Amino acid sequence: MGRQQSSLGESSPAAAVETADAVDISERFSILLVDDSRVSLRGMVRVLRQNWDVDIATDSDEALQLVNQRTYSVIITDCDMPGHNGLWLLEQIKNVSPQTIRVLASAGLHERFAPHIKAGLIHVFLHKPLVNESLRTMLIGLMMR
């Protein structure tokens with residue numbers, strides 16, 4: 001089954017989910033979620049732990065400790081957190097674990113982060129509030145690369 005193309009030439013989320021059914025999404029992607037909001041973390045964990053190995057951190061320092069202990073396939077971090085922000089964290093992760101896919105989530109405008117995307121610091125930008133099914137679809141898309 002091939003990926004369906006939308007009229008814009010991009011794969012649609014529905015097509016990615018349909019294609020994922022043909023792919024074993026239980027392949028163990030290790031994911032680190034970083035957000036100072038425990039409510040946000042609970043929602044993401046509930047959806048993602050069904051298929052992936054998920055760890056959580058509530059700030060950048062805790063996340064960096066976890067990254068120094070194991071390798072993650074994907075790190076999804078909020079941008080605006082007390083202490084070190086998500087951009088600082090992604091810079092540290094880029095140095096420690098350059099193969100890790102770095103995802104930044106923010107309610108801010110995408111244009112604010114364009115220089116960081118162009119520089120390769122951010123691989124994927126997600127606009128908050130996150131829709132859990134969109135998050136799952138994005139991860140399936142990353143697995144199929």
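The values are calculated or read from the model by the stated rules, or taken from the named source; none is laboratory data. The shown structure was predicted, so the numbers you read here are calculated from the model rather than taken from an experiment. Neighbour counts run over all protein chains shown; Cβ positions are idealised from the backbone, glycine included.
So the values come out like this:
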| item | result |
| --- | --- |
| All positions within segment 106-139 that are touching a Cys at 6+ places or on another chain (Cβ under 7 Å) and closer than 20 Å to LEU48 by Cβ | SER106 |
| Residue pairs meeting the criteria (Cβ under 9 Å; at least 6 apart or on separate chains; first under 11 Å from SER73 (Cα atoms), in segment 44-56; second of a type in the set (A, V, I, L, M, F, W, C) and assigned to a helix (DSSP H, G or I)) | TRP52/LEU139; VAL54/MET44; VAL54/VAL45; VAL54/LEU48 |
| Residue check, ARG102 among the charged types (D, E, K, R), closer than 20 Å to HIS127 by Cβ and in contact with a Ser or Thr (Cβ under 9 Å, 6 or more places away or on another chain) | yes |
| Residue list for segment 104-124, restricted to those being of a type outside the set (A, V, I, L, M) and under 11 Å from LEU87 (Cα atoms) | SER106, PHE113, HIS116 |
| Only listed residue being farther than 18 Å from ILE101 by Cα, charged (D, E, K, R), at pLDDT 50 or above and not in a strand (DSSP E or B), chosen from ARG46, ARG3, ARG28 | ARG46 |
| 3 or more residues surrounded by 17 or more Cβ atoms within 10 Å (Cβ to Cβ): qualifying strands (runs of 3 or more DSSP E) within segment 70-145 | 74-78, 101-106 |
